[in-house]
Amino acid sequence: MPSPSKPSMANWANHREALMANPPIHTELQVTFTNKSIVKATNHSPEPRVLHLSNLDLLSGRFPITYFYFYRRPTANSSAAIIDALKTSLAETLTHYYPFAGTILQNLTTNEPEILCDNSGALVVEAEANLRLNAFNFYDLDELLRGKLVTVNPDFALQIQITSYACGGVSITFTFDHALGDASAFGKFLLAWSEIARGKPISTIPDHRRNILPRSPPIYHPDLDDTMVKCTMEEIKNIPTLKKLIKRLYYVDRTSIDNLQKLASSSGVKRTKIEAFSAYVWKIMVSAMETEHSRCKMGWLIDGRSRLGGDWNYMSDYIGNVLSVAFGEASIEELKRNSISEIADVVHSAISKATNKAHFLDLIDWIECHRPGLMLSRIVLGLGGPGLVVSSGRKFPVAELDFGFGSPVLGTVGSTIERIGVSYLNQRPSAKGDGSWTVSAILEPELAAALELDSVFQPMTATLLQL
């Protein structure tokens, strides 16, 4: 695995030209929208209740989160029958996940968002695409996201788009308002929907209490003042970006992951796969950075459910946001000089500081002391210098998401956000179930080019998906 050299923009252009050589006959995805409908919960209390957001919900920034799932042509059912069945099972699922059919409003007194559980419903959009799935450009997520496979309507907390393809294949995209929850919450919702669609009992009874409370009096470690910041929706919408980031989808095979883990564990201490992956990316990242920077940050999304839930993990079924971001920082000189194993030690140390109950209690209390309003880490808001955030979704349902017409060939996460202050890598297990990964990326073009110079990050193709 050679050490990457810094790519020039000419190399980047040549790389893209080679990658896009010999395109299929149909190169441009065209989508025709055929129907819109609103699906409401089958059973709903006539009295709407207001769900107040927890302190950790206020870290979400109200970003829309989108998940993509692609399916081969169903052997039995027509597209119309599939759509009808999906709507029927969605209505039943919303009975269990009633906040997802609600309306998110700004409370004029507290100046904070809240969920009105009024069963206003989820928006379902139906569409038809001109391409076969095997002629699809899975690599360029910008192409997919620009008003084609993702519907974003601010009036709905949950939006679904069901798209049929020329080959009979189907994609389903789910877009959630981040105030509803985090990846753990959304994964449980999607899994419950797929279980209901197959006539099975749901495996998780959701907990909607939003009962994450601060201590009295609230106290926190002063370091949080350096890493967190209070912000407004206007500041979030106008995050400063020095360069236009691009959105890409990659495949990482199991052999590469295992090799990286061996490299990261060469000092005799076994590192996790995500620690090894992070160390590898961090080292490549500095090779693609501008020379005026002397230091670089990396962040990791941490789920606090098992940390706050104690030995019994009573929060395992909690629906809402229970996330923090752990950050590590190192000099560019150090990252260039050190081995993958040495960088993995830095990664492990940084993650360990946030994977404990004390960190989450401090974070909850910091937010309490700065309410009302929204909060974000400084680096996500673009205030912390160059950085990249890694999200591990190893427990997120992918192959399991069978709605009654087969398992997907691909399941991943995407983003419709145009302005963001930091690069992102979102890892998900491959639908193959063989230990390989899909990685959805939001990156500077130079970093994308550097990652693609090695064999670890393979641009996603229909061939890799065996279409």
Answer from PHE396, PHE457, PHE405 - the residue that is closer than 21 Å to TRP193 by Cβ and open to solvent by less than 20 Å² (accessible area, probe 1.4 Å): PHE396
Which listed residue is assigned to a loop (DSSP other than H, G, I, E, B) and within 23 Å of GLU275 (Cα to Cα), from ALA448, ALA431: ALA431
Residue selected from segment 177-223 under the condition over 24 Å from the mean Cα position of the chain (by Cα) and basic (Lys, Arg), by the criterion nearest to LEU401 (Cα to Cα): ARG198
From the options LYS283, LYS297, residue that is touching a residue at least 40 places away in the same chain (Cβ under 8 Å) and touching an Asp or Glu at 6+ places or on another chain (Cβ under 8 Å): LYS297
Filter result for CYS117 (open to solvent by less than 10 Å² (accessible area, probe 1.4 Å), touching a helix residue (DSSP H, G or I) at 6+ places or on another chain (Cβ under 7 Å) and not β-branched (Val, Ile, Thr)): yes
Considering residues of segment 126-141 that are part of a loop (DSSP other than H, G, I, E, B) and farther than 16 Å from TYR251 by Cβ only, the residue least open to solvent (accessible area, probe 1.4 Å): LEU131
Residue satisfying all of: in segment 258-296; in contact with a Lys or Arg (Cβ under 7 Å, 6 or more places away or on another chain) and surrounded by 18 or more Cβ atoms within 10 Å (Cβ to Cβ); nearest to GLU333 (Cα to Cα) among these: VAL286
Near pairs, Cβ below 6 angstrom, 6+ apart or cross-chain, from segment 302-323 (free of Cβ contacts under 8 Å to residues at least 12 places away in the same chain) to any residue that is among the hydroxyl-bearing types (Ser, Thr, Tyr): ASN313/SER306
Output for segment 28-41, where each listed residue is open to solvent by less than 90 Å² (accessible area, probe 1.4 Å) and either in a loop (DSSP other than H, G, I, E, B) or at pLDDT below 90 (or both): LEU29, ALA41
Qualifying residue in segment 309-316 (condition: out of contact with any Gly (no Cβ under 8 Å at 6 or more places or on another chain) and open to solvent by less than 10 Å² (accessible area, probe 1.4 Å)): yes
So ILE274, is it at pLDDT 95 or above, among the β-branched types (Val, Ile, Thr) and under 21 Å from the mean Cα position of the chain (by Cα): yes
Filter result (in contact (Cβ under 8 Å) with a residue 40 or more places away in the chain, hydroxyl-bearing (Ser, Thr, Tyr) and either open to solvent by less than 10 Å² (accessible area, probe 1.4 Å) or assigned to a loop (DSSP other than H, G, I, E, B) (or both)) within segment 78-108: SER89, THR93, TYR97
Single unsatisfied condition, ASN111 versus (1) of a type in the set (S, T, N, Q); (2) touching a residue at least 60 places away in the same chain (Cβ under 8 Å); (3) touching a strand residue (DSSP E or B) at 6+ places or on another chain (Cβ under 7 Å); (4) open to solvent by 20 Å² or more (accessible area, probe 1.4 Å): (3)
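Please go through segment 434-445 and pick out each residue that is open to solvent by less than 10 Å² (accessible area, probe 1.4 Å) and either part of a strand (DSSP E or B) or of a type in the set (Val, Ile, Thr) (or both).
Across segment 434-445, the qualifying residues are THR438, VAL439, SER440, ALA441, LEU443.
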Elements of type helices (runs of 4 or more DSSP H) in segment 298-368, at least 2 residues being of a type outside the set (D, E, K, R) and under 25 Å from the mean Cα position of the chain (by Cα): 305-308, 340-352
Criterion violated by ASN153 - all others in (1) under 26 Å from PHE405 (Cα atoms); (2) more than 18 Å from the chain's Cα centre (by Cα) satisfied: (1)
Filter result for THR109 (modelled with pLDDT of 95 or more and not small (Gly, Ala, Ser)): no
Per-region count, segment 59-73, residues in contact with a strand residue (DSSP E or B) (Cβ under 7 Å, 6 or more places away or on another chain), outside any strand (DSSP E or B) and not hydrophobic (A, V, I, L, M, F, W, C): 2
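Table: residues versus (1) at pLDDT 95 or above; (2) open to solvent by 70 Å² or more (accessible area, probe 1.4 Å); (3) not in a helix (DSSP H, G or I).
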{"residue": "PRO154", "(1), (2), (3)": "no, yes, yes"}
{"residue": "THR175", "(1), (2), (3)": "yes, no, yes"}
{"residue": "ILE196", "(1), (2), (3)": "yes, no, no"}
{"residue": "GLU235", "(1), (2), (3)": "no, yes, no"}
Segment 192-211 residues that are farther than 13 Å from THR95 by Cβ, paired with ones that are assigned to a loop (DSSP other than H, G, I, E, B) and open to solvent by 20 Å² or more (accessible area, probe 1.4 Å) (beta carbon under 6 Å, 6 or more apart): SER194/ASP402; GLU195/ILE202; ALA197/GLY404; ARG198/GLY404; THR204/ASP317; ASP207/ASP317
Any hit, segment 372-379, residues being modelled with pLDDT under 95, in contact with a Gly (Cβ under 7 Å, 6 or more places away or on another chain), part of a loop (DSSP other than H, G, I, E, B) and surrounded by 17 or more Cβ atoms within 10 Å (Cβ to Cβ): yes
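The values are calculated or read from the model by the stated rules, or taken from the named source; none is laboratory data. Everything numeric in this text was worked out from a predicted model, so none of it was measured. For neighbour counting, all protein chains shown are included, and Cβ atoms are generated from backbone atoms with ideal geometry for every residue, glycine included. With ligands, DNA and RNA removed, areas are computed over all heavy atoms of the protein, side chains included. Shrake-Rupley method; radii C 1.70, N 1.55, O 1.52, S 1.80 Å.
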